[in-house]
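Nothing in this text is a laboratory measurement; each read-out follows from the coordinates by a stated rule. This structure is a prediction, so every number in the text was calculated from the model and none was measured. Cβ coordinates were reconstructed from backbone atoms using ideal geometry, including for glycine residues, and neighbour counts include every protein chain displayed.
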Amino acid sequence: MNPPPADTTSEVLAGFESRFTEFADAFATGQYVLWLGSGISRDRMPPVPDLVRAVLELLRSKIDPADPDCRFQAALNKVLALSSLSHEAKAALDLTVPVEKWPVEGDLVRSLVNNYSQVLGVRVANEEPDYLMWTGLDVPNTYGNRDIEPDVEHLCIGILMLEGVVDSAVTSNWDGLVEKAVHELCPDADKVLRVVVDSEDFRRPSGRSELIKFHGCAIRAVENQTKYRPMLIAQEKQISGWSVQPANAYMRNKLQALVGERNTLVIGLSLQDANMHTMFAASAQDLGRHWPAQPPALVLSEQNLQPRHEMALQFIYGDDFDHNEGDIVSSAVLGSWAKPTLLALVLWTLTEKLAALTEHVPTPGLSKADVTRLKVDLRRARTTLGSLVGEEPSGFLPTLISAVTATMSMFREGRAANGDRTYMPLTVSPVARAAHSPDFPAASLGRFAIALSMLSRGHHASDWAAAPEPMAGSFRVKTGAGDQEVFLVRDTRESLELELSHDFDAAVVVIHADREVPRSTRSPRSAYGRNGSTGVGRFSIEELLDDSGSADDLYVAFKMAGGFK
């Protein structure tokens with residue numbers, strides 16, 4: 001029932017183009033809420049086995065051998081009682097050497113991982129009730145450390161929020177990496193992202209997206225221990241009692257509503273905690289789902305179906321699960337982990353936005369089949385980009401961020417934006433929603449998408465080789481006749497800004513999305529298309545569309561106007 005493992009972004013995209021197209025298309029139009037767990041911070045935060053070792057070592061290192069009633073020895077005994085070690089093995093432990101040197105260390109840690117929340121709930125006499133959690137996990141220097149940098153997963157989530165396709169994300173993570181990613185990507189992050197840690201935060205002005213941290217926030221806990229440290233949830237007693245605490249009632253209802261009203265994508269989250277089961281079950285009772293569900297109500301970024309995930313599917317679909325288990329599981333399990341899934345969703349979202357924009361361009365000469373051809377060529381570029389991610393996405397993503405930002409800044413302003421990781425979205429909401437605004441430049445952006453489609457068509461037909469220049473906001477187009485730098489701008493105003501601020505010393509083509517406005521004699525040269533000499537040539541996609549009777553005609557005109565030969 002499980003799909004073959006998809007370890008790379010390219011493999012995930014292939015799944016989106018076949019088995020999971022319905023899900024991917026719905027995601028790109030903003031129909032899914034993210035539920036996020038520790039798996040998205042796997043390469044930034046210590047894994048659970050390391051945390052268990054740290055707790056064991058903390059207790060061992062503080063034992064006073066001369067004290068028969070040592071409180072740390074008593075606490076260690078309680079932790080060991082949660083393990084599967086035999087009485088003899090426990091008695092043979094040498095407490096004078098570090099835990100990592102214990103012969104049974106591996107078996108001990110593995111047996112405690114599944115009882116992690118109980119381990120953290122063990123009390124140490126004369127210490128705070130959360131001592132093993134706060135001190136054992138070293139919360140201030142791990143989850144509460146502001147100096148730790150976001151990983152690919154967090155930046156992808158930030159991009160999807162800024163693109164307006166993720167308006168709600170729910171997380172059990174304590175770290176501040178999603179928030180930090182959004183702040184790095186957007187100077188006005190506080191206006192874009194509302195972070196909710198307790199119910200009072202829902203009163204704050206809403207942004208483009210919200211991040212609901214229902215198990216607490218270590219960043220806030222470090223800054224204000226009195227208020228936020230008690231909100232850190234990890235002990236079994238806390239997890240079990242969360243759903244019945246009056247202070248959590250509003251947040252619980254909010255999360256249950258999200259599960260019932262919206263589709264859910266789970267990434268890096270085991271769904272093993274009792275309070276999650278309660279919310280999923282209650283939501284299904286309030287607003288149940290039925291199979292078939294189009295798109296799927298619950299999708300899992302996992303390589304295999306885990307027992308707790310199967311339970312969530314049973315909650316969501318109720319009695320329909322038993323009669324349709326195979327189909328439901330097949331629709332739900334993507335076969336991929338967080339990194340390749342999120343990178344694929346970013347590439348899919350950007351491409352499908354561009355494809356949707358082509359439908360907002362007045363193209364009387366083009367048939368539906370011609371518009372479909374434009375979309376096909378955009379999607380071929382996505383496939384090519386996916387293949388470039390390889391096994392090291394951390395090198396690919398910064399380049400993608402720079403390329404998108406610089407290209408969009410060039411299109412909108414006639415200059416490439418500068419700034420590390422600052423991200424300029426294609427649109428701040430799904431195209432279908434954005435197009436309702438009378439100020440939304442749907443036709444201009446659609447012609448921008450068509451220009452990209454033409455560049456992709458030529459590249460994949462081997463008529464030229466096209467690649468973005470991430471810092472310049474342009475494209476390098478290599479033909480048999482030589483290299484040309486190609487800029488895409490909205491109209492004459494952006495073209496003037498570009499030409500007045502650049503001292504071009506190579507062949508340059510400036511492609512206008514909109515019709516060119518006649519220039520004064522004091523303006524830079526105004527020759528239409530290439531003029532046969534080194535310098536700036538210009539042409540307009542809108543004008544090419546006026547004279548094109550098909551996608552093939554448009555492509556021929558595009559090649560001629562740009563001198564791409």
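In table form, for the structure just shown:
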{"quantity": "Size of charge dipole - the stretch 345-562 - debye, nearest 20, with Cβ of Lys, Arg +1 and Asp, Glu -1, no other charges", "calculated": "220"}
{"quantity": "Rounded tilt (10° steps) of 338-357 against the dominant C-alpha axis of the chain", "calculated": "30"}
{"quantity": "Candidate aspartates and glutamates - alpha carbon under 13 Å from Lys368, same-chain residues fewer than 8 apart omitted", "calculated": "Glu359"}
{"quantity": "Contour minus Cα-Cα distance for Ala81 and Lys565 (0.36 nm per residue)", "calculated": "166.6 nm"}
{"quantity": "Prolate/oblate/rounded call for the stretch 357-455, Cα gyration tensor, a/c under 1.5 rounded", "calculated": "oblate"}
{"quantity": "Charge sum, other residues only, whose C-beta stays under 13 Å from Arg204's C-beta, Lys/Arg counted +1 and Asp/Glu -1", "calculated": "-2"}
{"quantity": "Dipole magnitude of the chain, debye to nearest 20 (Cβ charges: Lys/Arg +1, Asp/Glu -1, about Cα centre)", "calculated": "840"}
{"quantity": "Descending principal axes extents, the stretch 70-109, alpha-carbon based, whole Å", "calculated": "24, 21, 17"}
{"quantity": "Calculated from backbone phi, Karplus (6.51, -1.76, 1.60) coupling profile of the stretch 473-481 in Hz, x at Gly/Pro", "calculated": "x, 10, 10, 9, 10, 10, 10, x, 8"}
{"quantity": "Those aspartates and glutamates that a straight Cα-Cα span of less than 16 Å connects to Lys353, excepting residues fewer than 8 apart in one chain", "calculated": "Glu17, Glu22, Asp25, Glu163, Asp377"}
{"quantity": "Reference-scaled alpha-carbon Rg (2.2 N^0.38 Å with N residues) for the stretch 48-141", "calculated": "1.00"}
{"quantity": "Debye intensity ratio I(q)/I(0), log10, the stretch 290-393, q values 0.10, 0.15, 0.21 Å⁻¹ (C-alpha model)", "calculated": "-0.45, -0.81, -1.01"}
{"quantity": "Reach of Lys213 by Cα under 25 Å, taken over lysines that are not fewer than 8 positions away in the same chain", "calculated": "Lys180, Lys191, Lys227, Lys237, Lys254, Lys339"}
{"quantity": "Stokes-Einstein diffusion coefficient of the stretch 122-188, Kirkwood radius over Cα pairs, 37 °C, 0.692 mPa s, in µm²/s", "calculated": "239"}
{"quantity": "Peptide ranges 233-241, 321-329, 355-363 listed from the most packed, as the mean C-beta count within 10 angstrom indicates", "calculated": "355-363, 233-241, 321-329"}
{"quantity": "For Thr29, residues with placed amide H under 5 Å, excluding near neighbours", "calculated": "none"}
{"quantity": "Nitroxide proxy distance, nm - points 7 Å out along Cα→Cβ at Glu17 and Ala467", "calculated": "2.1"}
{"quantity": "Net charge of Cβ neighbours under 9 Å - reference Gly414; Lys, Arg +1; Asp, Glu -1", "calculated": "0"}
{"quantity": "Cβ-Cβ FRET estimate between Ala443 and Arg415, R0 fixed at 30 Å, reported to 0.05", "calculated": "0.85"}
{"quantity": "Rh by Kirkwood over Cα pairs, then Stokes-Einstein D for the stretch 92-230 at 1.306 mPa s and 10 °C, µm²/s", "calculated": "92"}
{"quantity": "Bridge type composition, the chain - antiparallel percent by DSSP, nearest 5", "calculated": "25"}
{"quantity": "For the chain, convex hull volume per residue from C-alpha positions, Å³", "calculated": "180"}
{"quantity": "Burial ranking of peptide ranges 117-125, 152-160 (average Cβ count within 10 Å, highest at the top)", "calculated": "152-160, 117-125"}
{"quantity": "Shape box of the stretch 397-494 [Cα atoms, principal axes, largest first, Å]", "calculated": "44, 29, 28"}
{"quantity": "Nearest-ten-degree value, helix 393-413 long axis tilted from longest Cα axis of the chain", "calculated": "40"}
{"quantity": "Per-residue [θ]222 nm for the chain (sum of -39500 (n - 2.57) over DSSP H runs n ≥ 4, rounded to 500)", "calculated": "-14000 deg cm²/dmol"}
{"quantity": "Cβ-based net charge around Met45, under 11 Å, with every Lys or Arg adding one and every Asp or Glu removing one", "calculated": "-2"}
{"quantity": "Global form of the stretch 345-562, assessed from the alpha-carbon gyration tensor, a/c cut-off 1.5", "calculated": "rounded"}
